[in-house]
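Below is one structure; the comments refer to it alone.
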Amino acid sequence: ARWRPPARRTTKFRYIKSVEPIPSVPMRCLTVDNPSGLFLVSKAHIPTHNTQLGLALALFAHRNSLLLRRTAKDTKALSESLRSIGSQFGCRWKWVGNGGEMVTPDGRVIEVGGCQHEKDKDAYQGHPDDLKYFDELPQFTESMYLFIGGWNRPRDPVRYPTQRNRIVGGGNPPMTAEGEWVRKRWNPWIEGNDPSGRLRWYVRFDGEADEVE
């Protein structure tokens with residue numbers, strides 16, 4: 001209650017002092033007993049969350065992005081987070097339901113939406129985006145992930161021929177049976193203790209994915 005905003009604008013930012021390569025080591029994902037999963041790091045109390053990855057990719061690395069949450073409540077929270085960050089860069093925001101659309105000064109378009117029910121995925125059919133970000137991926141069904149991800153492609157490949165296409169799923173390990181598909185889908189890397197994330201190739205027959213050479 002006694003806190004007052006800092007007078008200097010520079011105190012709103014954190015600065016990178018150095019970047020040093022380190023060898024790859026085993027890591028452990030963690031979560032905290034809080035509905036948002038938010039936790040603070042170090043004595044400086046730096047907030048961190050999987051969501052920030054998706055927001056940063058959309059704002060700085062992609063031209064057209066779709067950021068998704070499963071429920072309307074969480075979609076609104078994601079929209080608020082994007083608006084809070086985007087306002088620092090002069091972005092324009094338009095509410096649409098619990099989500100909305102943001103346009104950055106350099107023309108990047110970021111859509112925030114929800115997919116609570118299985119039929120809701122149909123609303124994203126035929127909508128190309130070079131970034132599809134599923135926030136808290138284990139809360140989605142595998143069919144939502146595969147269907148919506150099917151339109152991961154650039155809208156303007158002629159104007160931006162080097163734009164990377166990317167599907168990202170942020171989140172913690174599955175907490176319910178509905179999310180176990182995530183563990184199964186990436187199990188070859190987990191069970192094989194393969195932190196490199198090397199490329200693997202699959203073909204699908206009758207809904208089942210089989211690894212091939």
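The values are calculated or read from the model by the stated rules, or taken from the named source; none is laboratory data. Keep in mind the model is a prediction, meaning the values are calculated, not measured. Virtual Cβ from ideal backbone geometry, glycine too; neighbours counted across all protein chains shown. All accessible areas refer to the heavy atoms of the entire protein, side chains included, with ligands and DNA or RNA removed. Shrake-Rupley method; radii C 1.70, N 1.55, O 1.52, S 1.80 Å.
Values for this structure:
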| quantity | calculated |
| --- | --- |
| Inter-probe distance in nm under a simple model that places probes 7 Å from Cα toward Cβ, at TYR202 and ILE85 | 2.7 |
| Per-residue SASA entry for GLU118, accessible area with 1.4 Å probe, Å² rounded to 10 | 80 |
| Surface accessible to a 1.4 Å probe, LYS76 within the full protein complex, Å² | 100 |
| Whole-Hz ³J(HN,Hα) from phi, Karplus 6.51 cos²θ - 1.76 cosθ + 1.60, for the range 92-100, glycine and proline x | 9, 10, 9, 6, 9, x, 8, x, x |
| Accessible solvent surface per residue of the chain, calculated while the other protein chains remain in place, 1.4 angstrom probe, Å² | 69 |
| ³J(HN,Hα) computed for each position of the range 57-64 - Karplus, 6.51 cos²θ - 1.76 cosθ + 1.60, integer Hz, glycine/proline x | 4, 5, 6, 10, 10, 9, 8, 10 |
| Alpha-carbon Rg with Dmax, taken over the range 119-213, Å | 14.8, 43 |
| Measure of compaction for the range 1-147 (Cα Rg per 2.2 N^0.38 Å) | 1.17 |
| Cross-link table LYS76/LYS184; LYS43/LYS76; LYS132/LYS184; LYS17/LYS184; LYS17/LYS94; LYS94/LYS121, entries beyond 32 Å C-alpha to C-alpha | LYS17/LYS184; LYS17/LYS94 |
| Within the accessible area of the chain (1.4 Å probe), percent carbon and sulfur | 55 |
| For ASN64, residues with placed amide H under 5 Å, excluding near neighbours | VAL109, ASP130, LEU131 |
| In sequence order, calculated HN-Hα J values of the range 16-27 (Karplus, 6.51, -1.76, 1.60; Hz; x Gly/Pro) | 7, 8, 6, 10, 10, x, 10, x, 5, 9, x, 10 |
